[in-house]
Amino acid sequence: MDDSKTHRMNHTKTNRLETSICLATFMTSLVVVGRMEEADWTQMRNDERGLTAVIEFLSAFTLFLMILTAFMSLAQLEMGSNDTEIDQVDQAVVSGLDRLTSSSGWFVPSDGGEGFDHANSTKDWHMQSAGALEKGRVQTGLMENNQLDMQRVSALSNVTLASFSQGLGLDEDLTAFLRISIHASYDDSRIGLILFEGGADLNSARMASTASSTVRSGSELVLITLEVHDANRGNEKLLLTEVMARPISGGPEWIEVYNDNAFATSLYGWSFNTSSGSTSNEVLLQQGVISGHSVALFTGSLTTQEQGNASQMFDLGQYGLLGTGSMNLLDDGAGTVELRFTRPGQINPVTYSKAEWGGQTGLLMNLNQVIVWEGGSTMSSSSWSVQSNSTPGDVFLEPSNAS
């Protein structure tokens, strides 16, 4: 089965060749009719040379228009008005898809400052951690030995949407949505199976363009579809899922966060706010990354924290937000934890997820109990329950396709 490659654009463009043929035919009719009205029919029948010359001229003129239009089409020019923004998106999606499907990609690590360590660049970007990929530069090529590399597909979850878009060569005002699925397989049950799906929401885009490519993966064909549009690159889908406020045996307080995105999410701009009564504390995160569809733990002590299946752990004890041992910073009886995000260019943060216990919520925790999100809106106390068995690092829900 040979590899095939197809490109599809969302924007339907004028068929310049057909338009030119119709225009030339219309001009031919006008000239012929005009000459029929002005000339004597008897004389024209007798002058076969003149008629032949007219026909030959018009045929040559028609051919000239066809060649001219074809040339201008190849040069991506238009006879008339042209939307350069749409052309930019069309070119970006084709170029971006080619970068995904024509190479293995590359990674250039950070030099520890503002620059990059080009001497240690590598094509094995998929072997790097989410934190290293965020600090360096990456182009996420998905191919190895002319086949789709599933390790590279899986490693997309360690790349933020901003880094992914930048690696495709997209301008800052453009972003992407990527879908990878089984197109053809000897196992009918695998056809249509989604291997990866995530990116920026298309709903707020003014213009978009799509390109697809079919590549081989073993005995199967995989369809890679890339959408490029001008929506926001932000992927604000972090969720509070579990809170430990009353640990025993000197254990740490901790907060569990789930990244409901296929791509990784940078913590820059995110913040935690804890409050109880009239007191309130807030920590604005400056660095860190949570891998796509994975769990992170924010704890009062990295050394004593049980990691479970969490992909990353972050120390909030150093900021005085979470306690450990005899240092109790979250209120045992009643309190609130909010996960907030401050959009670029804005001052006031927006709360995206909230866990609340005590008071009128009916969620009263005893020693070593936790409150756990049960699904639904994380802003509502009715979506939370008190449980005796804590499960740090484990989230039992179906991931969404948003990113």
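The values are calculated or read from the model by the stated rules, or taken from the named source; none is laboratory data. A quick note: this is a predicted structure, and the numbers were derived from the prediction, not measured. Reconstructed Cβ throughout: ideal geometry from the backbone, glycine too, with neighbour counts over all protein chains shown.
Where residues in segment 170-197 are in contact with an Asp or Glu (Cβ under 6 Å, 6 or more places away or on another chain) and among the charged types (D, E, K, R), which of them is nearest to GLN147 (Cα to Cα)?
Per the stated criteria, the residue is ARG179.
Quick one: in segment 165-183, of everything that is over 16 Å from VAL108 (Cα atoms) and assigned to a loop (DSSP other than H, G, I, E, B), which residue is modelled with the highest pLDDT?
LEU170
Any chance segment 157-164 includes a residue that's surrounded by fewer than 16 Cβ atoms within 10 Å (Cβ to Cβ), assigned to a loop (DSSP other than H, G, I, E, B) and either at pLDDT below 95 or in contact with a strand residue (DSSP E or B) (Cβ under 8 Å, 6 or more places away or on another chain) (or both)?
Pass one, segment 157-164, residues surrounded by fewer than 16 Cβ atoms within 10 Å (Cβ to Cβ): none.
No, every residue in segment 157-164 fails to be surrounded by fewer than 16 Cβ atoms within 10 Å (Cβ to Cβ), assigned to a loop (DSSP other than H, G, I, E, B) and either at pLDDT below 95 or in contact with a strand residue (DSSP E or B) (Cβ under 8 Å, 6 or more places away or on another chain) (or both).
Search segment 295-319 for residues being among the hydroxyl-bearing types (Ser, Thr, Tyr) and in contact with a Gly (Cβ under 9 Å, 6 or more places away or on another chain), and hand back the single one that is farthest from ALA245 (Cα to Cα).
Restricting to residues being among the hydroxyl-bearing types (Ser, Thr, Tyr) and in contact with a Gly (Cβ under 9 Å, 6 or more places away or on another chain), the top hit is SER311.
Quick one: would you say LEU221 is buried (at least 18 other Cβ atoms within 10 Å of the Cβ) and either hydroxyl-bearing (Ser, Thr, Tyr) or over 16 Å from the mean Cα position of the chain (by Cα) (or both)?
Taking the combined requirement at face value, the residue satisfies it.
Surrounded by 22 or more Cβ atoms within 10 Å (Cβ to Cβ) and at pLDDT 95 or above: does that describe SER291?
Here the answer is yes, as SER291 does meet what is asked.
Going through GLY325, GLY277, GLY320 one at a time, which residue ends up being surrounded by fewer than 17 Cβ atoms within 10 Å (Cβ to Cβ), free of Cβ contacts under 8 Å to residues at least 40 places away in the same chain, assigned by TED's automatic domain parsing to the domain that holds LEU363 and more than 20 Å from VAL350 (Cβ to Cβ)? Please lay out each step first, then the result.
Details: GLY325 fails: free of Cβ contacts under 8 Å to residues at least 40 places away in the same chain; GLY277 fails: free of Cβ contacts under 8 Å to residues at least 40 places away in the same chain.
Step by step, each of GLY325, GLY277, GLY320 is checked, and only GLY320 is surrounded by fewer than 17 Cβ atoms within 10 Å (Cβ to Cβ), free of Cβ contacts under 8 Å to residues at least 40 places away in the same chain, assigned by TED's automatic domain parsing to the domain that holds LEU363 and more than 20 Å from VAL350 (Cβ to Cβ).
Give the residue, chosen from GLY141, GLY198, GLY113, that is in a loop (DSSP other than H, G, I, E, B), in contact with a Ser or Thr (Cβ under 9 Å, 6 or more places away or on another chain) and assigned by TED's automatic domain parsing to the domain that holds VAL93.
One residue alone meets the criteria, GLY141.
Can you go through ALA119, ALA92, ALA70, ALA132 and tell me which one is small (Gly, Ala, Ser), buried (at least 19 other Cβ atoms within 10 Å of the Cβ) and either in a helix (DSSP H, G or I) or at pLDDT below 95 (or both)?
ALA92
With segment 280-383 as the region, which strands (runs of 3 or more DSSP E) entirely inside it contain at least 2 residues that are under 20 Å from THR265 (Cα atoms)?
Fully inside segment 280-383 and qualifying: 295-299, 312-315, 335-341, 350-357.
Please identify the pairs in which a residue from segment 149-164 that is more than 12 Å from VAL138 (Cα to Cα) has its Cβ atom under 6 Å from the Cβ atom of a residue that is small (Gly, Ala, Ser), counting only partners at least 6 apart or on another chain.
Pairs that qualify, where the first residue is more than 12 Å from VAL138 (Cα to Cα) and the partner is small (Gly, Ala, Ser), are SER157/SER291; SER157/GLY292.
Scanning segment 384-402 for residues that are part of a loop (DSSP other than H, G, I, E, B) and farther than 13 Å from TYR258 by Cβ, which turns out farthest from the chain's Cα centre (by Cα)?
First, pick out the residues of segment 384-402 that are part of a loop (DSSP other than H, G, I, E, B): 388-402.
Of the ones still in play, those that are also farther than 13 Å from TYR258 by Cβ are 388-390, 401.
Working: SER388: 38, ASN389: 36, SER390: 33, ASN401: 10 Å.
Looking at the filtered set, the residue picked out is SER388.
State which residue is modelled with the highest pLDDT when the search covers only segment 214-262 and only residues that are in the same structural domain as PHE314 (by TED's automatic domain parsing) and on the phi > 0 side of the Ramachandran plot.
My answer is GLY250.
Does segment 284-297 include one or more residues that are of a type in the set (Gly, Ala, Ser), farther than 21 Å from ASN261 by Cβ and within 25 Å of the chain's Cα centre (by Cα)?
no
Can you tell me which of PHE263, PHE272 is crowded, with 23+ Cβ neighbours inside 10 Å and touching a Leu at 6+ places or on another chain (Cβ under 8 Å)?
So the residue among PHE263, PHE272 that is crowded, with 23+ Cβ neighbours inside 10 Å and touching a Leu at 6+ places or on another chain (Cβ under 8 Å) is PHE263.
Considering only segment 198-213, how many residues are surrounded by fewer than 17 Cβ atoms within 10 Å (Cβ to Cβ) and either closer than 24 Å to MET150 by Cβ or modelled with pLDDT of 95 or more (or both)?
0
Output yes when any residue across segment 303-315 is acidic (Asp, Glu) and either within 28 Å of GLY136 (Cα to Cα) or touching a helix residue (DSSP H, G or I) at 6+ places or on another chain (Cβ under 6 Å) (or both), and no when none is.
So far as segment 303-315 goes, yes, one or more of its residues are acidic (Asp, Glu) and either within 28 Å of GLY136 (Cα to Cα) or touching a helix residue (DSSP H, G or I) at 6+ places or on another chain (Cβ under 6 Å) (or both).
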